[in-house]
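Each remark here refers to the structure printed beneath this line.
Nothing in this text is a laboratory measurement; each read-out follows from the coordinates by a stated rule. Please read all numbers here as calculations on a predicted model, not as lab measurements. Virtual Cβ from ideal backbone geometry, glycine too; neighbours counted across all protein chains shown.
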Amino acid sequence: MIPVAFRIKRRFNNIGYKFTSMCKGGLYLYDNIYDKDHNYRTQIDILLENDEYVIAVEVKAEVRENDIEHHINRLEILREWRNERNYPSIKIRGAIAGAIFPDEFKLKVLEAGMYVLEQSGDTMLLEVPETDKLRDF
């Protein structure tokens, strides 16, 4: 069985991203984000990266409404953190993955310009926001 992080990477690569780097909590620089005074700011569950994009994925067993706003805040913190460290300016996008993903929350995630990843048996389904709603952070 392929771990969730690799299935997520595969789904994004299948739609053209071609991510060259993937990290998941605890394995990379982005795991926990701290400010300049070493105060904890946030955590990234899965981070996919190539030369043009970063997609930060929040993984939940069951997605709830407040997860959407929390992830938007997390993406804004990630952008600030990258800017403070003079990382190359690339597009940051968001996705929320869940095993239980109520339809009303899927719609809210898509309207917020982020991707929806839903576990369906051994398959990871990917829903893409409309092009004009896709949001870069």
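Table for the structure above
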read-out	value
Those lysines that a straight Cα-Cα span of less than 30 Å connects to K108, excepting residues fewer than 8 apart in one chain	K9, K18, K24, K60, K91, K133
Helix 65-84 axis, angle to the chain major axis (alpha carbon atoms, nearest 10°)	30 degrees
Estimated inter-spin distance, T123 and D35, nm [label 7 Å along Cα→Cβ]	4.5 nm
Structure-derived Cα extents along the principal axes in Å: which label, when the choices are (i) 42, 30, 29; (ii) 40, 40, 31; (iii) 48, 30, 24	(i)
Long-range HN-HN contacts of N50 with modeled amide H, under 5 Å	T20
The chain: angle of helix 4-14 to the longest principal axis, Cα-based, in degrees nearest 10	80 degrees
Residue order, fewest to most surrounding Cβ atoms within 10 angstrom, among D37, D45	D37, D45
Residues Y40, Y115, Y17 arranged by fewest to most Cβ contacts within 10 Å	Y40, Y17, Y115
Backbone HN-Hα couplings from phi across segment 119-131 [Karplus 6.51/-1.76/1.60, Hz, Gly and Pro as x]	6, 9, x, 8, 10, 9, 7, 10, 10, 10, x, 4, 3
Bins of 10 Å, starting at 0 and running to the largest distance - Cα pair percent for segment 73-135	21, 42, 28, 9, 0
Ranking of S89, S21 by count of other Cβ atoms within 10 Å, fewest first	S89, S21
